[in-house]
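K.L.:
Structure incoming, see below.
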Amino acid sequence: MPLRYPPALLLVTFVLLVLACAAPVPPPPPPPPPQQNNPAGPENPPPPVAVPNVPVIRDPAKEKPDLVWTADELRKEAKANGLHFRRQYKDKIIEVSGKLWDFEPFAYYAPNKLINVQLEAKPSFVILHMAAGCEPWARAVPGQDITIRGRVPRDEDFINEPLMDCIVVEPKQSSALALTAEQLCRDAQADSKKYNKAYMIVTGEVVSKSRPGLTIVELKGDGQTKVRCQVYGKLSFLADPLKVGQKVKLFGQYVTYDKALGVTLDKALPITRDAE
């Protein structure tokens, strides 16, 4: 007896066969790449970049002081407060007056080519970091009253002393004697004690430069007599740019005259720019 199937079952079977034999349906196309919110172009410039709000570093050469102290007051305040001094006066511009003691190439934790100035401050002295390129010996001599303006370091400044980026405010002009090397040699030959221990700025031509432990820069003087300028080893980097044949100015302290060595200047430092 032949099998009989219900019409509904036959319809379902037919639909399944059709679907099985049909071509596969392709996947949907990928979505288009997202458009830029603000594509750059002549009529549509890119959005501005957000810059973090970094405080501007104050410049003692262009700003008036917030505080005016003596060297004694600065040392007392810095000594009494320790680390709190920097937190209390951070980024303040301070003008300090005192008696110049000496020039140094560096202090604790400072870069070794950074010039420092020491001011007398009871019972010793206070060290101030000068601004890059500053030549304080072009404006003042040890023992002279001087006014210096600088800023208190921030936490991120790797400086241990109370002031940095300092400039010389007063005096405007050095009290050192201004002489040519030739004139100095003639005067010293006539009277070797005329300039005893005097600070002077000598102009002349470099005829030799050597470094036997300390840098010796010799200037052309009078005849065979030369000016022998002694630059201490710790400050010798200042004399590195000087070349034989170059006309220079050198600050120094007169020591003596000797027929064999000529005129000797001690603590010699080159002046490469006019006093501002």
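The values are calculated or read from the model by the stated rules, or taken from the named source; none is laboratory data. Quick caveat, the model's predicted, so the values are computed rather than measured. We place every Cβ from the backbone using ideal geometry, glycine too, and count neighbours over all the protein chains shown. Side chains are part of the model used for accessible areas, which takes the heavy atoms of the whole protein and leaves out ligands, DNA and RNA. Shrake-Rupley method; radii C 1.70, N 1.55, O 1.52, S 1.80 Å.
K.L.:
Could you please let me know if Gln118 is in contact with a strand residue (DSSP E or B) (Cβ under 9 Å, 6 or more places away or on another chain) and either surrounded by fewer than 18 Cβ atoms within 10 Å (Cβ to Cβ) or part of a helix (DSSP H, G or I) (or both)? Walk me through it before giving the result.
P.N.:
Working: in contact with a strand residue (DSSP E or B) (Cβ under 9 Å, 6 or more places away or on another chain): yes; either surrounded by fewer than 18 Cβ atoms within 10 Å (Cβ to Cβ) or part of a helix (DSSP H, G or I) (or both): no.
Judged against the criteria, Gln118 is not a match.
K.L.:
Select from region 83-121 the residues that are of a type in the set (Gly, Ala, Ser) and within 17 Å of the chain's Cα centre (by Cα) and write down the one among them that is modelled with the highest pLDDT.
P.N.:
The selected residue is Ala110.
K.L.:
So which of Ala176, Ala138, Ala121, Ala71 is small (Gly, Ala, Ser), touching a Lys or Arg at 6+ places or on another chain (Cβ under 9 Å) and under 20 Å from Arg273 (Cα atoms)?
P.N.:
Ala138
K.L.:
Which of the residues spanning region 238-266 are charged (D, E, K, R), within 24 Å of Glu104 (Cα to Cα) and in contact (Cβ under 8 Å) with a residue 40 or more places away in the chain?
P.N.:
Lys249
K.L.:
Output the number of residues of region 187-208 satisfying the condition of being assigned to a loop (DSSP other than H, G, I, E, B) and either in contact with a His (Cβ under 9 Å, 6 or more places away or on another chain) or without any contact (Cβ under 8 Å) to a residue 12 or more places away in the chain (or both).
P.N.:
So in region 187-208, the residues assigned to a loop (DSSP other than H, G, I, E, B) come out as 191-198.
From what's left, either in contact with a His (Cβ under 9 Å, 6 or more places away or on another chain) or without any contact (Cβ under 8 Å) to a residue 12 or more places away in the chain (or both): 191, 193-194.
Total meeting the criteria: 3.
K.L.:
Just the residues that are part of a strand (DSSP E or B) and buried (at least 20 other Cβ atoms within 10 Å of the Cβ), please, taken from region 144-178.
P.N.:
Matches in region 144-178: Ile146, Ile148, Arg149, Gly150, Arg151, Leu163, Met164, Asp165, Cys166, Val168.
K.L.:
I've got another one for you. Determine which single condition Val68 fails, assuming it passes every other condition in (1) surrounded by 15 or more Cβ atoms within 10 Å (Cβ to Cβ); (2) at pLDDT 95 or above.
P.N.:
(1)
K.L.:
So which of Val207, Val217 is hydrophobic (A, V, I, L, M, F, W, C) and open to solvent by less than 40 Å² (accessible area, probe 1.4 Å)?
P.N.:
Val217
K.L.:
Moving on. Against the condition touching a residue at least 24 places away in the same chain (Cβ under 8 Å), of a type in the set (D, E, K, R) and under 13 Å from Val168 (Cα atoms), how does Arg154 come out, does it pass?
P.N.:
No: the conditions fail for Arg154.
K.L.:
Cβ contacts < 7 Å: first residue of a type outside the set (Phe, Trp, Tyr), restricted to region 72-85; second residue open to solvent by 40 Å² or more (accessible area, probe 1.4 Å), any location; separation 6+ or different chain. Result?
P.N.:
Asp72/Lys122; Asn81/Gln88
K.L.:
Taking region 209-222 as the region of interest, how many residues are without any contact (Cβ under 8 Å) to a residue 24 or more places away in the chain, of a type in the set (Gly, Ala, Ser) and within 16 Å of Gly262 (Cβ to Cβ)?
P.N.:
Applying the first criterion (without any contact (Cβ under 8 Å) to a residue 24 or more places away in the chain) to region 209-222 yields 210, 212-214, 216.
Okay, now just the ones that are also of a type in the set (Gly, Ala, Ser), so 210, 213.
Still in the list and also within 16 Å of Gly262 (Cβ to Cβ): 210.
So the answer is 1.
K.L.:
Identify, by number, the condition in (1) part of a helix (DSSP H, G or I); (2) under 24 Å from Lys172 (Cα atoms); (3) at pLDDT below 90 that Lys79 doesn't meet.
P.N.:
Exception for Lys79: condition (2).
K.L.:
Further question on the same structure: Here's a check for you: in region 184-204, which residue that is polar (S, T, N, Q) and open to solvent by less than 70 Å² (accessible area, probe 1.4 Å) is nearest to the chain's Cα centre (by Cα)?
P.N.:
Filtering region 184-204 for residues that are polar (S, T, N, Q) and open to solvent by less than 70 Å² (accessible area, probe 1.4 Å), the one nearest to the chain's Cα centre (by Cα) comes out as Thr203.
Condition check ((1) surrounded by fewer than 22 Cβ atoms within 10 Å (Cβ to Cβ); (2) among the small types (Gly, Ala, Ser); (3) closer than 23 Å to Pro142 by Cα; (4) at pLDDT 95 or above) across all residues:
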residue	(1), (2), (3), (4)
Gln224	yes, no, no, no
Gln230	yes, no, yes, no
Gly233	yes, yes, yes, no
Phe237	yes, no, yes, no
Leu242	yes, no, no, no
Phe251	no, no, yes, yes
Thr256	yes, no, yes, no
Ile271	yes, no, yes, no
Glu276	yes, no, yes, no
